[in-house]
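Here the structure comes first, spelled out in C-alpha cells, and everything after it is commentary.
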Amino acid sequence: MLDTLAKLSNNKLIDKFGRQVTYVRISVTDRCDFRCVYCMSEDMEFLPREQVLTLEEITRLSQAFVEMGVTKIRITGGEPLVRKGVVEMLAKISKLEGLEELVITTNGSQLVKLAEPLKQAGVKRINISLDSLDAEKFKKVTRVGDLNVVLDGIQAAKKAGFENIKLNAVILKNRNHDEVRNLVQYAMDQGLDISFIEEMPLGAIDSHSREEAYYSSDEIKRDLEQQFELLSSTKKTGGPARYYNVNGYNNKVGFISPHSHNFCDTCNRVRVTASGLLLLCLGQEHSMDLKRVLRANPIDLNKVKQALIDSMAIKPKGHDFDLTEQPVIFRHMSVTGG
Ligand code: SAM
Ligand code: SF4
C-alpha cells in the first residue's frame, strides 16, 4: 500500500490542490520562560509531560518528513531552548540526508549560553523575537522578560556566525506600534533582517482585545517610509511574508500579514504541535494525531510516512481569520508552534 502510494506521489507530500509540503515547523514544547501578552494568558496550564513528544519521537518524525521530500525544518515552541536535550536532538536532525535547512525560532533568553552550541549542532539560521527596545515596554509585552538578556543573546548569536539572523516583532496598537522605526534602525545597525507580524487570533488571551490591538502591515510600512526607503524584493518564502530591501543597508524588512494579504495558494508547510498533532493549516482545525502513530509503531517508519501521505487529503485550501470573533482557533501559538 505504502509502496503504491509513495510511487504515485513520487515520495513527495502533495496535497489535493497540487501544493507540495517541503517545510515543517515542529513545536518541541508548549512551555516558555516568557508570557507574551499576544501568545499566552497569565496563568497557563501546560501539557503533562507524557503528552509531549519525546525528543526521540521528534527525531524519528523529522526523518520521516525528510524522506518524504521535506527540505526545511523549523524547531519552535513555546520556547524551544528551555527543553533539556534540545541541542543534542538538533545535532541528530541536522545530519538527516536531504535536509537543507534546520532553523530555529527563539525568544533569545538562552542564547548567551546556547548560541554557539546551536551553531555547532548544525542550525543554519535563527529567528529571534524582539518586540521592543524599551526595557519597560519589553517587560510589559513579555510579562517577565528582561530586554538586556535578549540583547546580549542577539550579540552571542552574531558572534556564533549563523548564516542569517532575523528578528521578529509582533506589533500591537498602543503597546509597541510607535517602535517600528527604532526596531528597523536597530536591525539595520546590527546587520540583521527584521519581520513584522500581524497578531493572529490563536488561543484565548486576557490582556487585550485583538481587534482593538490590530495594527496592519500597511500601517507599519507607512510609518517606516517616513524614515526609510523600502524597495520591493523578489524574495519569496511560500509563506505569508513580503520582503523589502532598505535603501542604504544590506538587510531586509519583511511583513507577515495573514489578515491583509492572502498567501494560501502557495502554502508549502505544515506544523506539528508539542503533543504530536499534525496541523495542516495554521488557521484551521484539520489535523492528524501523529503521536498515536509514532507510539503504535516505534520501529516501523513506513507507518508514519503512510500517515503523512494520508494527511495530504485533508490539507485545507486556506485559512479564514476573523478578528471580530474571539478566539477563532482555540490553540495558543505556543502550542501550535509559531
Ligand atoms: N518562543 C519563541 C519565540 O517567541 O520566538 C518561539 C515560539 S513563538 C510562538 C514564535 C513566534 O510566534 C514569535 O515570533 C511570536 O512573536 C509569534 N506569536 C506568538 N503568538 C502570536 C500571535 N497570536 N500572533 C502572531 N504571532 C504570534
Ligand atoms: Fe513564549 Fe514565544 Fe509565546 Fe512569547 S511568543 S510567550 S516567548 S512562546
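Read-outs throughout are calculated quantities, based only on the coordinates presented, and are distinct from any laboratory measurement. Keep in mind it's a predicted model, so treat the numbers as computed, not measured. Note that we place each Cβ from the backbone using ideal geometry, even for glycine, and neighbour counts take in every protein chain shown.
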(request) Provide Rg over Rh for region 16-133; use the alpha carbon set for both Rg and the Kirkwood Rh (inverse mean inverse pair distance). (result) 0.98
(request) Sort the following peptides by mean Cβ neighbour count (other Cβ atoms within 10 Å, averaged over residues), highest first: 51-64, 300-313. (result) 51-64, 300-313
(message) Less than 11 Å Cβ to Cβ from Asp193, Lys/Arg counted +1 and Asp/Glu -1: what total charge do the surrounding residues give?
(response) +4
(request) Between beta-carbons, use under 10 Å as the cut-off and find the net charge around Ser94, counting Lys and Arg +1, Asp and Glu -1. (result) +2
(message) Between helix 111-120 and the chain, what is the angle of the helix's C-alpha long axis to the longest principal axis, kept within 0 to 90° and rounded to the nearest 10?
(response) 40 degrees
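Just in region 136-176: which trypsin sites (Lys or Arg not before Pro) are loop by DSSP and have at most 16 other Cβ atoms within 10 Å?
Sites meeting the loop and neighbour criteria: Arg143, Lys173.
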(request) Fewest Cβ neighbours within 10 Å first, please rank Val180, Val87 accordingly. (result) Val87, Val180
(request) Provide Ile314, Ile128 in ascending order of the number of other Cβ atoms located within 10 Å of each residue's Cβ, fewest first. (result) Ile314, Ile128
(request) Kindly list the residues of region 176-209 that lie in the label zone of Val144, defined by a backbone N under 17 Å from the point 7 Å along the Cα-to-C-beta vector. (result) 206-207
(message) Cut-off under 17 Å on the C-alpha distance; same-chain residues fewer than 8 positions from Lys291 excluded. Which lysines are left, in chain and number order?
(response) Lys303, Lys305
(request) Lys and Arg at +1, Asp and Glu at -1: add these up for the other residues within a Cβ distance under 10 Å of Val304 and post the number. (result) 0
(request) Over 22 Å, how big is the tail of the calculated P(r) for region 169-253, in percent of all Cα pairs? (result) 28 percent
(request) On a 0 to 90° scale, report how tilted helix 180-190 is relative to the longest principal axis of the chain, with both axes built from alpha carbons and the result rounded to the nearest 10. (result) 80 degrees
(message) If the rule is a partner Cβ under 4.7 Å, which cysteines in the chain fail it?
(response) Cys32, Cys264, Cys267, Cys281
(request) Using every Cα-Cα pair within the chain, state what percent have a distance larger than 25 Å. (result) 51 percent
